[in-house]
Structure formats: structure tokens, C-alpha cells
Amino acid sequence: MAATESASHQDSGAYTALDREPLVLNNRSFSWITNRICGIVENKQPFGWWVLFIPSVILTGIMAFCFVYLIATGVGVWGQKQPVDWAWDITNFVFWIGIGHAGTLISAILFLTRQRWRTSVNRAAEAMTIFAVMCAGLFPAFHVGRVWMVWFLAPIPNANAIWQNFKSPLLWDVFAVSTYFTVSAIFWYLGLVPDLATLRDRCKPGIRKMMYGIFSLGWRGANRHWSHYETAYMLLAALSTPLVLSVHSVVSFDFATSVVPGWHATIFPPYFVAGAIFGGFAMVLTLMIPVRSIYGLHDLITPKHIDNMAKIILLTGTIVGYAYSMEFFMAYYGANPFELQTFKLRGLYGPSTWYYYAMFGCNVFAPQIFWIKKMRTNLIAVMIVCMFVNAGMWYERYVIIVTTLERHLTPGSWRVFHATWVDITTFIGTFGFFMMNFLLFLRFLPVIAIGEVKGVTPAADPHAGESHEHGVQEDDAMGYETPASTYPGGVKPAATAA
Amino acid sequence: MGVKRSKLPWFVFFGGMAGTCTAFIMETLTQTTFWSDRGLGFLEKIAETYPTVVQAKPTGFVTLPAFFPVMFELTILFSAFTVLFGLLAFIGLPRWNHPLFTSKRFEKFSDDGFFVSIEARDPKFSQEATKAFLEKIGAKNIELVEDDI
């Protein structure tokens, strides 16, 4: 109905508001949404779930084995030797922590900027954040060497009554990442409470009902509850917004505050944040496109959502490309010969230049295809670009961390890094751990925020079904003659007939 | 219903400030002579801390820029906890049970139903008059929920 109206408006050439694309297709009712999303949790999981879950559990086991092997043998089982002391472990840490950023961006920044399309993807993206930060946290914890002494990082005096060095970026990182994990978990859980109540109310009495009952905290959806709840939700969004920008900035301080050429750059914080959002959105799409087709959520995660996320990938990918180029330019234009030499070795004739080209190609060139609208809505094209971006963002961290250290200030100790089998299997194992957590999340918790998505349906709009022509139109204000055929039914609405 | 704007943000403001102060005190007490220079050396004695000399930097310096990231993170962390626990305190949750949960009709609230509950402790409550009033305004199903606790 709405579509045909706007088409006729365009034909007559009158000034009319364009229709917004609906965020929930096919005019689905509230109970359809509840049934569809709760059905994922209540019904038996499809075959595809098991096909992914079993290998994920096996990979998690392999990861656990690798860590046990590392503890039993020593960090030497990883390939790092002087001068490359930060290698795959820190690369993986930065990679995983970056993935998380898209979740917080969707849940907090898009909430504050009133981007209503976020509601279909925010729950899964926040879950992704939490699981990615869990994967990230493993690497520095084991990187310290004696993992049983990792409590030295906590802000309590250690065995010799010595406190941490609060001026160290590495300690800032501990605070930033642990705060990020905690606040993301609180935000995610608080968003889940009303939906857990929905699940509780649909369950038959039993252990499931009891668990959902406990975790939904006795939520009754009262007006007074919602009033406080929405304030709390907005506060958490407002707190998470600076937090998400700070976390990757602090991660970049690990590098930027050092004096190592190639790391000592003021461009690092914004460059890292843009890269994190870029890589994170690619991971959101990598996860959500299969979820959407496996569970039949096409009406809730529409082509518009995918289109919007592809646009963000294009934007942030281009920012990242600008940062790569600017970094090179600054090395050339700055008066530091060591910096310039580092970049020459990184991108032109060093031992690991192919990583640099892989990074540049995957992150800067691959997303440029999204300038074409057809490509942004073609799922296969989107998936392929996302895979490029996922890989490219790992290469980016590898380039920054490893290729810089391979050719640092003392040529006498130059060495090319070679990953060992433990490096490789541990990293692959974390993907299994991540996927296992995500699949369990799909199994037990509502993947889409039921309560929020109902709010963006056409049925929830208090002005649903009303015409756009209320109020003073430009035609009337300017005294244009408006043909009667412009209005629905050929009758000029009373409100504008001044 | 006359629901006023939530007072939660005020609590969160003070929660956040508490985080900032905690971080500042923790950092200055363990890294610098900030407090003992101001005649408050007993604080160091109580907390059993002493300024740590790192990279030969003087302990008399309060390097606020270097201390800032931790202050920022703890502000956010304390604020977020205040939001969570403040919210639960304001709305009186969690609670194990509620008389409304005995109503079969009530379960629809979390799907697509709309539910008005008038509590008996309301001064204007009367079993007959309230029922008649609800019928008058077009209620589809009226149910008396008894609190047997």
C-alpha cells in the first residue's frame, strides 16, 4: 500500500516524504516475532548447528591441549625469539579484541545515534564481543610465561608487596580490557532480561523454566520497571561509547608509546579504532548471514541491514586505507631515517612484504566493491569480502607487530619470525572456542532482541497507517498549486487545507 | 501513571566519581609521594605502600597523563556497576516470585499482550467498583489474583 502511494507521488512530481524502508518485512505480528525467535531456542537444532558445533568443540579441545603443552614445556614452544618477542600471541590478542568492537559500536553508538536498524543485530553482535574478548584475554595471560603468576597483573600488591606500575601502557591495557569485558557483559545481560522473561513464560515448568526464571530476575514488564530500565540502558550505552573508543586506543598505546620505529606514531589510536570496527563488522556479517538463512530470519535481518553494515565496512575500510597511506607518508615526510627505513623494509624490500600486500589488498581494495549497491545486497559477494577483511585484519596486526620487530634498530640481531605448530594450532583453536560459545548462545539465548525488535515493527508505530501529508507542506507554504491526485484517494487532507 | 523521570543518573554520577577517586588514590599512593608531601604520610603507613621507583623517574611527580587511562577505565567500571545495582534496587528485583505469576493470562505480557494490574493496597481499591470500572473501559478479561504468601 505504502509503496504504491509513494510511486504515484513520484509520477506527479510533488514534494513528498520518501517512505522509510521497513525494518521488519511482511508486516509480521508481535507473536510471530516471539515465536520465530524463541523457536530457535525451543526446537531441536538444525543439522547445520551440529555440523558446526562438533568441530568447534574438538578445536576447543585442541586449544586447551596447546595451552597445557605450553604450561608444561614453556613459552619457547611458541616461535618467538629475540628480537621478535611479540608475535602471533599479541597479533591474535589485538585481532580478537578488535573483533569485539563492532558489537559495542552496534549496541552503544548506534543506540545513541537512534539507528533503529541495530535492534536486529545488536544481541548477536554483543555476544560476539564477549566471546571475542574471552579469546583475546587468553593470549596475554599465557604470554606472561608463568601463567600461574598472572594475578600479578591485578591491582593488588604482589608477593614482594610491590604494586604494579600504573604508568605502564601494559597495565592500562589490563584495566581497559577487563573493564571492557565487564561492562559489555553487564550491557548484554541487562538487554537479555526482558527476553529471558519471554522465554520463561513460554516454558513448561521444569529445570529450563527455573533457569530462565532465575536469570530473568522476576521481570514483570511493569511500566515502572521499563521507565528505570530504559534510563539504565541509555546510561550503559553512554558509558560504553567512550569505553569502546578507549579500549583500542589503549591497545594501540602498547605500541605508540614505545620508541620502536614503525610503532611510535600518533596516528595509531584512531587508526586502530577504525580498523577494529572494520574487522568487527566483517565478523558480524560472517556470523549473521549464515544464522539468518539457517534459522529463517529473513524478515528480521533484511537486505537493508546487510546493506548498512556493508556501507560501514566500506567507510571504515577506506579510513584504514587512508591510515596506511598516511603512515607511509609520515615516514617519508618526517625527518627520522629509521622510521623511513622501517617502512621501506615493511612494504618494499623486507623479508615479510607479502604480508603487507595481503593486508593492503584485503582491507583496502576488497571492500571497494561495496560502492556498487548490487554487491552490497548480494550475500555471496558480501561473504567473500568479509572473509577477505577477516584475514586482512589479522595480517594488519601481523604487519604492525611482527614485521616491525623482525627489522628493529639493531641489524645485528635481525631475525625472521617463523610460527611453530603450537602458534598455528592455538590460534585455530581459539576460533573453535569462539564458535562453540556462539553456537551455545544460539542454542540457549534469544539471538535477536525480541523486546526491542517489536518496537521497530510497523505495528508499534503510533502513526502507522497515517499519511505523510500532515502539517504544513512546502507546496502550501510556497503557494504552489498541488494536484489533488497527489494525495491518497485524491482528497486533500484536512490538516493541510489551511 | 505519573511515572517520574528515573533518578538513576544521579547515583551513576556519584558512582563514576567514586571510580575516578579510587583510581587516583590508588595510583598516587602506590607510585608517588603525593600524599606524604602534603603531610598525609600516615595514609601510606595504613595502606602499607611505598612509592615505586620505575625507570629512575622521581616519585615526587604526579604524572596525571600517565595516570589518566586507569582513572578513566575505573570511572566507567564503577559507573556500570552502579547502573546495574542501582537499577535492581530501583525496580525491586530480583525477586523469586510474585502473585501475578499465578495468573495464566499474565504470561502473554511478554509476547503480545497488554496487562493492567491494580494492586489491592491502592487506597481507592474496591473489589466490585474496580471490576466494574475495568469492565466499563472495555477490559476483555478480568481476574482476581490472590496473594497467598
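Quick rundown of the values:
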quantity	calculated
Count of residues meeting criterion [more than 7 Å from every other protein chain (Cβ to nearest Cβ) and either over 19 Å from B:Asp37 (Cβ atoms) or assigned to a helix (DSSP H, G or I) (or both)] in region B:57-66	2
Count - residues of region A:157-169 that are free of Cβ contacts under 8 Å to residues at least 40 places away in the same chain and within 10 Å of chain B (Cβ to nearest Cβ)	9
Conditions (1) at the interface with chain B (Cβ under 10 Å from one of its Cβ atoms); (2) without any contact (Cβ under 8 Å) to a residue 12 or more places away in the chain; number of the one not met by A:Val259	(1)
Count - residues of region B:26-56 that are surrounded by fewer than 15 Cβ atoms within 10 Å (Cβ to Cβ) and assigned to a helix (DSSP H, G or I)	5
Residue in region A:65-74 that is exposed (fewer than 14 other Cβ atoms within 10 Å of the Cβ), touching a Ser or Thr at 6+ places or on another chain (Cβ under 8 Å) and either within 21 Å of A:Pro140 (Cβ to Cβ) or at pLDDT 90 or above (or both) present	no
Residues located in region B:13-40, provided they are among the charged types (D, E, K, R) and free of Cβ contacts under 8 Å to residues at least 40 places away in the same chain	B:Asp37, B:Arg38
Of all residues making up region B:10-35, the number that are among the aliphatic types (A, V, I, L, M) and more than 10 Å from chain A (Cβ to nearest Cβ)	3
Region A:230-266, subset in a helix (DSSP H, G or I) and among the small types (Gly, Ala, Ser), residue nearest to the chain's Cα centre (by Cα)	A:Ser240
Qualifying position, being surrounded by fewer than 23 Cβ atoms within 10 Å (Cβ to Cβ), of a type in the set (S, T, N, Q) and touching a residue at least 12 places away in the same chain (Cβ under 8 Å), among A:Thr266, A:Thr302	A:Thr302
Region B:67-126, subset at the interface with chain A (Cβ under 10 Å from one of its Cβ atoms), touching a residue at least 24 places away in the same chain (Cβ under 8 Å) and small (Gly, Ala, Ser), residue nearest to A:Val244 (Cα to Cα)	B:Ser79
In region A:88-129, the residues that are small (Gly, Ala, Ser) and under 16 Å from A:Phe272 (Cβ atoms)	A:Gly98, A:Gly100, A:Ala102
Residue within region B:100-110 that is under 29 Å from A:Gly451 (Cα atoms) and not in a helix (DSSP H, G or I) present	yes
Failed condition for A:Thr113, given (1) at pLDDT 90 or above; (2) hydroxyl-bearing (Ser, Thr, Tyr); (3) closer than 30 Å to A:Lys311 by Cα	(1)
Residue that is farthest from A:Trp263 (Cα to Cα), among those in region A:316-342 that are part of a helix (DSSP H, G or I) and aliphatic (A, V, I, L, M)	A:Ile319
Residues of region A:180-229 that turn out to be under 14 Å from A:Pro446 (Cβ atoms), within 9 Å of chain B (Cβ to nearest Cβ) and not in a helix (DSSP H, G or I), as a count	2
Test for A:Trp172: is it more than 30 Å from A:Gly455 (Cβ to Cβ), within 14 Å of chain B (Cβ to nearest Cβ) and either in a loop (DSSP other than H, G, I, E, B) or touching a His at 6+ places or on another chain (Cβ under 9 Å) (or both)	no
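The values are calculated or read from the model by the stated rules, or taken from the named source; none is laboratory data. Note that the structure is predicted; figures quoted are calculated from it, not measured. Glycine gets a Cβ as well: all are built from the backbone with ideal geometry, and neighbour counts include every protein chain shown.
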